[in-house]
Amino acid sequence: MKRVIVKSSKKYSIIIGKGLLENTSDHILPILKGNNVYIITDDIVESLYISQLTKSLQRNNLVVHKYVFPNGEKSKNAKNYIDILNDMAQKGISRSDTVIAFGGGVPGDLGGFVAATYLRGIKLIQIPTTLLSAVDSSVGGKTAIDLDKGKNMAGVFYQPDLVICDLSSLNTLSDETLKDGCAEVIKYGILSGGLLFNQLKKPIMKHIESIVYQCVKYKRDIVQKDEHDQDLRQLLNLGHTIGHAIELLSGYKVTHGQAVAKGISVISRISYNLSLCAKHTVDEIDNILTGYGFDLNPMYNPSDLASAIIMDKKRSNDSINLILVEDIGKCIIRKTMMNELEDMIKKAITKVPL
Ligand SMILES: NC(=O)c1ccc[n+]([C@@H]2O[C@H](COP(=O)([O-])OP(=O)(O)OC[C@H]3O[C@@H](n4cnc5c(N)ncnc54)[C@H](O)[C@@H]3O)[C@@H](O)[C@H]2O)c1
C-alpha cells in the first residue's frame with residue numbers, strides 16, 4: 001500500500017493499494033464527523049462493488065444512503081445533480097455528514113460537485129474504480145457537470161478529504177475503459193519521463209501500483225503549485241486540446257482516451273515541426289501509443305479541427321496555450337495564435353506522416 005499526501009487548500013491523503021474496499025472504514029473513520037454516509041455511484045459500480053463498501057461502513061454503525069444512476073457521461077447532468085441534492089435534503093444529510101463519490105470520473109465529478117455545493121460544502125471521499133479516475137479525476141479537486149452546450153461547463157474546485165484507490169477494482173474494467181485510462185497514463189509518462197515512461201513499455205498491470213502512484217504524485221506536485229489551473233496545471237492538458245476537438249467532431253463516438261492518444265501524436269508532430277523535439281521523440285511517442293493499440297489517425301481535416309478547438313472553453317481571446325513536447329519528460333506551455341493553429345495541424349499531419 002502506498003500513500004500520497006496532498007497539501008493544497010485542503011490537506012488530504014491518497015491511499016493506493018489492493019483490497020482496500022473491504023476495509024474502507026479503517027481509512028475513513030478518522031476523518032468522519034457525522035454518522036451518515038451518502039454514496040453517489042453508477043449502476044455498474046453498484047452491481048460490482050457496493051456490497052463490499054457498505055458492509056465495511058455498516059460494520060462500524062454508519063448509516064449508508066446511496067444514489068445510483070445509469071452509467072455513462074450522459075448522467076453527469078444538471079437533472080441528476082439537483083435530484084441528488086433534493087434526495088440528500090430529504091434524508092436529512094447534515095453538514096457534518098460525508099459524500100462518497102464511488103466509481104469512474106462520472107460519479108467522481110458529479111459526486112464532487114454535489115459535495116462542494118450541498119450546504120455550501122460537506123466532506124468528500126473519492127473512491128475511484130477506473131484507471132482514469134485513479135490517476136486523474138479523483139485527485140486535484142476539479143468537479144463538474146455537463147451542460148447542453150458542452151462538457152464540464154458548470155463546476156467548482158473542491159478538494160476531497162480522502163482518496164481511496166483500490167487497484168483490485170481495475171480487474172473488472174472492460175478493455176475499452178482500461179485503454180481509455182492508459183491514454184492518460186501515457187500522458188503522465190511523457191510529462192514525467194524516467195521510470196514511469198519505461199514501465200509503460202511493459203503490460204500496464206505488471207507494475208500497476210507503482211504506475212498509479214507515480215501518476216498521482218506527478219499530479220499532486222502540479223496541483224500543489226497551481227491548484228486553480230492558472231498556469232502549470234495546464235501541462236496536464238497534453239494532447240487534450242486536439243483530443244477534445246476530435247471528441248466533439250465525432251459526436252463523442254470517439255472515446256476520450258482514443259481522442260487524447262490522437263491528440264498527443266499530432267502535438268508531438270507540431271513540436272517536431274517547430275524544432276522543439278527530435279524525430280526519435282515523435283517515434284518513441286508513436287511507438288508507446290500504438291503499442292497500447294491506439295489508432296493515431298486524427299480523422300478530421302485541419303480546418304475542422306481548428307474550428308472545433310475555437311469552441312474549446314480553454315481558449316482565451318485569439319490565442320490558446322498549447323502543450324508541446326521538447327523531450328520525453330520535458331513539456332512546455334506555449335501561447336499560440338489561433339490563426340496559426342490550422343496551418344500547424346496541417347503541416348503536422350502532412351509533413352510528418354503517421
Ligand atoms: N475532474 C477531473 O480532473 C477529470 C479529469 C479527467 C476526466 N474527468 C472526467 O472523467 C469522466 C471519464 O471518466 P471514466 O472514463 O472513469 O468514466 P465513467 O465514470 O463513465 O466510467 C467508464 C465506465 O466504466 C464503468 N466502470 C467503472 N468502474 C468500473 C469497474 N471497476 N469495473 C467495471 N466497470 C467499471 C462505468 O460504469 C462506466 O460504464 C469524464 O466525465 C471526464 O470529463 C475528470
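The values are calculated or read from the model by the stated rules, or taken from the named source; none is laboratory data. This structure is a prediction, so every number in the text was calculated from the model and none was measured. Here Cβ is always computed from backbone atoms with ideal geometry, including for glycine, and neighbour counts include all displayed protein chains. Accessible surface areas use protein heavy atoms only, side chains included; no ligands, DNA or RNA. Shrake-Rupley method; radii C 1.70, N 1.55, O 1.52, S 1.80 Å.
Can you say whether residue 168 is part of a helix (DSSP H, G or I), polar (S, T, N, Q) and either within 30 Å of residue 310 (Cβ to Cβ) or free of Cβ contacts under 8 Å to residues at least 40 places away in the same chain (or both), as far as the supplied structure shows? Full working, then the answer.
On the way: part of a helix (DSSP H, G or I): yes; polar (S, T, N, Q): yes; either within 30 Å of residue 310 (Cβ to Cβ) or free of Cβ contacts under 8 Å to residues at least 40 places away in the same chain (or both): no.
When the stated conditions are applied, residue 168 does not pass them.
Hey, among the residues in segment 171-191 that are in a helix (DSSP H, G or I) and of a type in the set (S, T, N, Q), which one's surrounded by the fewest Cβ atoms within 10 Å (Cβ to Cβ)? It would help to see each step written out before you state the result.
Step one: of segment 171-191, the residues in a helix (DSSP H, G or I) are 171-172, 175-191.
Those left that are additionally of a type in the set (S, T, N, Q): 171-172, 177.
Details: 171: 10, 172: 13, 177: 19.
The qualifying residue surrounded by the fewest Cβ atoms within 10 Å (Cβ to Cβ) is 171.
Within segment 311-354, which residues are open to solvent by less than 90 Å² (accessible area, probe 1.4 Å), within 22 Å of the chain's Cα centre (by Cα) and at pLDDT 85 or above?
320, 321, 322, 323, 324, 325, 328, 329, 331, 332, 333
Just a yes or no: is a residue in segment 124-131 modelled with pLDDT under 95 and assigned by TED's automatic domain parsing to the domain that holds residue 149?
The first filter runs over segment 124-131 and keeps only residues modelled with pLDDT under 95, leaving none.
Within segment 124-131, none of the residues are modelled with pLDDT under 95 and assigned by TED's automatic domain parsing to the domain that holds residue 149.
Can you confirm whether residue 134 is more than 10 Å from the ligand (Cβ to nearest atom), among the aliphatic types (A, V, I, L, M) and either open to solvent by less than 10 Å² (accessible area, probe 1.4 Å) or not in a strand (DSSP E or B) (or both)?
On the way: more than 10 Å from the ligand (Cβ to nearest atom): no; among the aliphatic types (A, V, I, L, M): yes; either open to solvent by less than 10 Å² (accessible area, probe 1.4 Å) or not in a strand (DSSP E or B) (or both): yes.
Spelling it out, it is not the case that residue 134 is more than 10 Å from the ligand (Cβ to nearest atom), among the aliphatic types (A, V, I, L, M) and either open to solvent by less than 10 Å² (accessible area, probe 1.4 Å) or not in a strand (DSSP E or B) (or both).
Against the conditions (1) in contact with a strand residue (DSSP E or B) (Cβ under 9 Å, 6 or more places away or on another chain); (2) aromatic (Phe, Trp, Tyr); (3) buried (at least 20 other Cβ atoms within 10 Å of the Cβ), where does residue 252 fall short? Just the number, please.
(3)
Output the qualifying pairs, or none if there are none: Cβ atoms under 8 angstrom, residues six or more apart or on different chains, first residue in segment 343-354 and β-branched (Val, Ile, Thr), second residue open to solvent by 50 Å² or more (accessible area, probe 1.4 Å) and modelled with pLDDT of 90 or more.
Listed by first residue and then by second, the contacts come to 352/272; 352/273; 352/279.
Counting residues that are within 22 Å of residue 147 (Cβ to Cβ), open to solvent by 20 Å² or more (accessible area, probe 1.4 Å) and of a type in the set (D, E, K, R), which helices (runs of 4 or more DSSP H) fully inside segment 11-104 reach at least 1? Spell out how you get there, then give the answer.
On the way: elements: 24-28, 43-58, 78-90.
Hits in segment 11-104: 78-90.
For residue 224, work out the one condition from (1) within 16 Å of the ligand (Cβ to nearest atom); (2) open to solvent by less than 30 Å² (accessible area, probe 1.4 Å) it doesn't fulfil.
(2)
Give the residue, chosen from 123, 151, 66, that is among the basic types (Lys, Arg) and either within 11 Å of the ligand (Cβ to nearest atom) or touching a Gly at 6+ places or on another chain (Cβ under 7 Å) (or both). It would help to see each step written out before you state the result.
Working: 123 fails: either within 11 Å of the ligand (Cβ to nearest atom) or touching a Gly at 6+ places or on another chain (Cβ under 7 Å) (or both); 66 fails: either within 11 Å of the ligand (Cβ to nearest atom) or touching a Gly at 6+ places or on another chain (Cβ under 7 Å) (or both).
Every option except 151 fails the conditions.
Out of 19, 112, which single residue is modelled with pLDDT of 95 or more, within 11 Å of the ligand (Cβ to nearest atom) and within 18 Å of residue 162 (Cβ to Cβ)? Before the answer, list the steps.
Working: 19 fails: within 11 Å of the ligand (Cβ to nearest atom).
Within the list 19, 112, the selection yields 112.
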